[in-house]
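Starting off with a structure, shown below.
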Amino acid sequence: MSATFSPFDAAAMLIVAAAVLGYANHRWLRLPASVGLTVMGALASLLVLGIDRLLPSSQLAAQFNAFLGQLDFHRTLMEGMLSFLLFAGALHVDWSYMRAGRWPIIIFSTAGVLISTLVVGLAFWLVAGWMGLAVPLAWALVFGALISPTDPVAVMAVMKRAAMPPTLQATVAGESLFNDGVGVVVFSILLSIATGGAEFHLSHAAMDFLREAGGGALLGLAIGWVAFRAMRSIDEYNIEVMISLAVVMGGYSLGMAVHISGPVAMAVAGLVIGNAGVAHAMSDVTQDYLLKFWALIDEILNAVLFLLIGLEVIAIAPHLSLLMLGVISIVLVMAGRIVSVGIPLALMRRMIDMGPLALPTLVWGGLRGGISVALALSLPDSPIRSAILAATYIVVLFAVIVQGGSIGALIERIKAHHGVTGVTVH
């Protein structure tokens, strides 16, 4: 375990672990895949910590941490897996339903993130101070920013299992696809302020947001259109699948190089190819191959990601006060979510009525996941980092395991009382 692993070795270990644990979950536990792999990853981390306590000379936890450190969760997700996962998720979102819920998507993914950041950040600061933990307000707002965006990967995994009206499903999925780009921009601005790297200027923040999010949307449209035209001019599924790979890998790299939002670009490109491309540029054979290819990529990377989330539990500092702060943070994040979606829903009721399922689905189905963990891991080393990291992990574990495992039953219970209600646009 003390040796340095090559990227292939690390990838091989993760795939083998995901395959073995995925088989065990499917064969015996029968939990939803995202929940099962996260649970087993977390249990593996706790087992390592337990063995280390019983046999201190084993140094198993230190070796395990060294292995996870080589993987660099932040870079692995934000600069690799995320581009594939976002594109694959957007590929299956129906634009016609998303268009019906366009205003909620826009408002939830912008104003909703800002409201949640402020509510959660202020509450986290007050609670940490009450517990005697020195967390400055700027750092509390950093936590609010990294935990506020719903995770598209976690949400998409839930949407596959939850039976809800299609427009509401598209709204939840669409919000998760776009609010992470907003959240990353807000996080970057607040982190720069917290570390003393910059003073806050609203005009500069607005320009950063427009460049990142707006530029990402334009890039996604451009590369999606180029890919659409190329696919429409041929009928060869091998090349068309390769074109979709080029969109993801080349487009995300280009976005990072010119400092615009790669996640937003991938979401938009996926929507273009998944709707216009599938409808007008592909034969039935190509559609079948391309959609199944990306469904497989999605499943494999999802399995690895949720396993990694579980394994990273070992990085939490095992202090009772930090664990208590994390548990309280679950309540704070849920309260922030209620405020950030409840107020816009009430204000938009005359424009679009999303029915009785909307608020509980948006609140309980607004899962936090790998993006929040990756952003927390990217924080510079400090005592404050330990508090934020512990709170982030506990909130994410609760979201994936408890919220993700129960959202289907919650929706069915509400439907039993109110019936299946669609969306009425006025």
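The values are calculated or read from the model by the stated rules, or taken from the named source; none is laboratory data. These numbers come from a predicted model, not from an experiment. Backbone-built Cβ (ideal geometry, glycine too); neighbour counts: all protein chains shown. Quick note on the areas: whole protein, heavy atoms, side chains included, nothing else; ligands and nucleic acids left out. Shrake-Rupley method; radii C 1.70, N 1.55, O 1.52, S 1.80 Å.
So that you can scan it fast, the table gives a plain yes or no per residue for (1) without any contact (Cβ under 8 Å) to a residue 40 or more places away in the chain; (2) part of a helix (DSSP H, G or I); (3) more than 16 Å from the chain's Cα centre (by Cα):
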{"residue": "Ala154", "(1), (2), (3)": "no, yes, no"}
{"residue": "Val158", "(1), (2), (3)": "no, yes, no"}
{"residue": "Met164", "(1), (2), (3)": "no, no, yes"}
{"residue": "Thr167", "(1), (2), (3)": "no, yes, yes"}
{"residue": "Ala173", "(1), (2), (3)": "no, yes, no"}
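Considering only segment 1-18, state which residues are open to solvent by less than 60 Å² (accessible area, probe 1.4 Å) and assigned to a helix (DSSP H, G or I).
Ala10, Ala11, Ala12, Leu14, Ala17, Ala18
I'd like the full set of residues that are outside any helix (DSSP H, G or I), open to solvent by less than 80 Å² (accessible area, probe 1.4 Å) and closer than 19 Å to Asp288 by Cβ, limited to segment 218-270.
Those that are outside any helix (DSSP H, G or I), open to solvent by less than 80 Å² (accessible area, probe 1.4 Å) and closer than 19 Å to Asp288 by Cβ: Ile234, Glu236.
Determine which member of the set Ala335, Ala295, Ala317 is surrounded by fewer than 21 Cβ atoms within 10 Å (Cβ to Cβ), hydrophobic (A, V, I, L, M, F, W, C) and modelled with pLDDT under 90.
Just a single option satisfies the conditions, and that option is Ala317.
Being assigned to a helix (DSSP H, G or I) and open to solvent by 50 Å² or more (accessible area, probe 1.4 Å) is the filter here; which residues of segment 70-94 pass it?
Listed by number, the residues that qualify are Gln70, Arg75, Glu79.
For segment 362-386, give me the residue count where each residue is out of contact with any Leu (no Cβ under 6 Å at 6 or more places or on another chain) and over 11 Å from Ile330 (Cα atoms).
Residues that pass the stated criteria total 17.
Still on this structure, please answer the following. Condition check: open to solvent by 10 Å² or more (accessible area, probe 1.4 Å), over 22 Å from the mean Cα position of the chain (by Cα), under 28 Å from Trp294 (Cβ atoms) and of a type in the set (Ser, Thr, Tyr). Does Tyr97 satisfy that?
Answer is no for this residue.
Which residue out of Ile106, Ile147 is modelled with pLDDT of 95 or more and not charged (D, E, K, R)?
Answer to the check: Ile147.
Okay, moving on. With Gly336, Gly366, Gly404, Gly326 as the choices, which residue is assigned to a helix (DSSP H, G or I) and either touching a Lys or Arg at 6+ places or on another chain (Cβ under 7 Å) or farther than 23 Å from Ala194 by Cα (or both)?
Gly404
Given the criteria open to solvent by 20 Å² or more (accessible area, probe 1.4 Å), among the polar types (S, T, N, Q) and without any contact (Cβ under 8 Å) to a residue 12 or more places away in the chain, does Ser378 qualify?
no
Out of all the residues in segment 329-363, which are within 23 Å of Val127 (Cα to Cα) and touching a residue at least 40 places away in the same chain (Cβ under 8 Å)?
Result: Ser329, Ile330, Leu332, Val333, Ala335, Gly336, Arg337, Val339, Ser340, Val341.
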